[in-house]
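Below is one structure, written out as structure tokens; comments come after it.
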Amino acid sequence: MTANSPLIIALDTADCDSAVALARQLSPELCRLKVGKQLFTAAGPQCVSRLMALGYDVFLDLKFHDIPTTVELACRAAADLGVWMLNVHALGGAAMLEAARVGAGYRGDRPILLAVTLLTSMGEADMQMIGLSGTPAEAVLRLARLAHACGLDGVVCSAHEAALLREDIGTGFSLVTPGIRPASAASDDQQRVMTPAAAQSAGADYLVVGRPVTHAPDPLQAVLEIRNQLIS
Ligand code: C5P
């Protein structure tokens, strides 16, 4: 399971030196890394390059959502950066998703392109306020089907939705799940958490874990403990 680890550690740090220091405590043999809006806004592409120079696969979690041309060019820039995975919002619609695929795939060795369906922070009342009908689960399914139809490689979703999506869409479509907590860990501000093995059993391909590792007294030990809980 070495270089092919399903574990993605969210490096939600304020600056690049902290992110690199954390990455040095871990190993690319054990996990991949996720760079999100905070770190990228603070430290930019150079930080992504520094992490990749340590041997890590990087998931660039910037959730692009804009007009199709802008998203195409942003995905192209991410592909040039050499990231392993990136994402856009499915709510951008079919034309935007197709443009994202073109942008990400303009080189032969394209990154894995995911869609975020509905933010897991949104409930039915939040959906109604922005004119979306139905339940969150219905919206997630609708948007995941759209992403699949537009040729994206998978979605970011709650582990609680993984089984439904896996059954509906089938295999060959990556499910990347945040909100993962080892059995012994605190849930922090995540509402609906799942253990690593339960998420994998539900169909998740990749598990995003942040604070249980980044805030651990010994981050490497925390990663090793999570790996011991994985279904290999
Ligand atoms: O610390 P924690 O394990 O909760 O971190 C989860 C990471 O996954 C954070 O970077 C967070 O932004 C991201 N995320 C999430 N829920 C989503 C999508 C992304 O927690 N629905």
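Which FRET efficiency, nearest 0.05, do Arg50 and Arg227 yield, Cβ-Cβ r, R0 25 Å?
On the way: r = 24 Å, r/R0 = 0.97.
Calculated value: 0.55.
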Quote the charge dipole size of the stretch 1-81 about the Cα centre in Debye, to the nearest 20; the model charges only the Cβ of Lys and Arg (+1) and of Asp and Glu (-1).
80 debye
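Please report, in debye to the nearest 20, how large the charge dipole of the stretch 136-232 is about its Cα centre when each Lys and Arg carries +1 at its beta carbon and each Asp and Glu carries -1 there.
Details: 7 positive and 10 negative charges, 5 e Å.
Charge dipole, the stretch 136-232, about its Cα centre: 20 debye, nearest 20.
How high is the relative contact order of the chain? Use alpha-carbon pairs under 8 Å, at least six apart in sequence, and give a whole percent. Intermediate results must be reported in sequence, preceding the final value.
Working: 432 pairs, mean separation 41.3, N = 232.
Relative contact order here is 18 percent.
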Relative contact order, percent, the stretch 124-206 [alpha-carbon distance under 8 Å, six or more residues apart]
26 percent
Most fluctuating residue of Gly131, Gly82, Gly179 in a GNM of the chain with Cα springs under 10 Å: which is it?
Gly131
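So for the chain, what percent of the C-alpha to C-alpha distances run longer than 32 Å? Mind dumping the intermediate values first?
On the way: 3927 of 26796 pairs.
Counting pairs separated by more than 32 Å, the tail of P(r) holds 15 percent.
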As I understand it, the dipole of the stretch 1-159 uses +1 on the Cβ of Lys and Arg and -1 on the Cβ of Asp and Glu, about the Cα centre. Which of Leu11, Pro45, Pro136 lies farthest toward its positive end?
Pro45
Karplus 3J(HN,Hα) series, Hz, for the stretch 34-46 with 6.51 cos²θ - 1.76 cosθ + 1.60 (x for Gly, Pro)
10, 10, x, 5, 5, 5, 5, 5, 6, 10, x, x, 4
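How large, in percent, is the carbon and sulfur part of the accessible surface of the stretch 110-161 at a probe radius of 1.4 Å? Please list the in-between numbers first.
Details: 1270 of 2260 Å².
Exposed carbon and sulfur together represent 56 percent of the surface.
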Can you run phi through the Karplus equation (6.51, -1.76, 1.60; θ = phi - 60°) for the stretch 173-188 and list ³J(HN,Hα) in whole Hz, with x for Gly and Pro?
9, 6, 10, 10, 10, x, x, 9, 9, x, 3, 8, 8, 6, 8, 6
Charge dipole magnitude, Cβ of K and R +1, D and E -1 - the stretch 7-227, Cα centre, debye nearest 20
240 debye
What order, most packed first, do the peptides 211-224, 112-125 have when packing is the mean number of other Cβ atoms within 10 Å of each residue?
112-125, 211-224
Which residue, chosen from Ala185, Phe64, Ile112, occupies the Cα position most advanced towards the positive end of the dipole of the chain, where the dipole is computed from +1 (Lys, Arg) and -1 (Asp, Glu) charges on Cβ about the Cα centre?
Ile112
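On average, how much accessible surface per residue is there in the chain, in Å², for a 1.4 Å probe, leaving out ligands, DNA and RNA?
On the way: 10350 Å² over 232 residues.
So the chain comes to 45 Å² accessible per residue, rounded to a whole number.
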Calculate, for Asp66 and Met129, the FRET efficiency according to 1/(1 + (r/R0)^6) with r their C-beta to C-beta distance and R0 25 Å; round to the nearest 0.05.
0.70
Qualifying trypsin sites (Lys or Arg not before Pro) for the stretch 123-232 [loop in DSSP, other Cβ within 10 Å: at most 15]
Arg192
Which are the unpartnered cysteines of the chain, meaning those with no other cysteine Cβ under 4.7 Å from their Cβ?
Cys31, Cys75, Cys150, Cys157
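The values are calculated or read from the model by the stated rules, or taken from the named source; none is laboratory data. Nothing here was measured: the structure is a model prediction, and the numbers come from that model. For neighbour counting, all protein chains shown are included, and Cβ atoms are generated from backbone atoms with ideal geometry for every residue, glycine included. Protein only, heavy atoms only, side chains kept; ligands, DNA and RNA dropped before computing areas. Shrake-Rupley method; radii C 1.70, N 1.55, O 1.52, S 1.80 Å.
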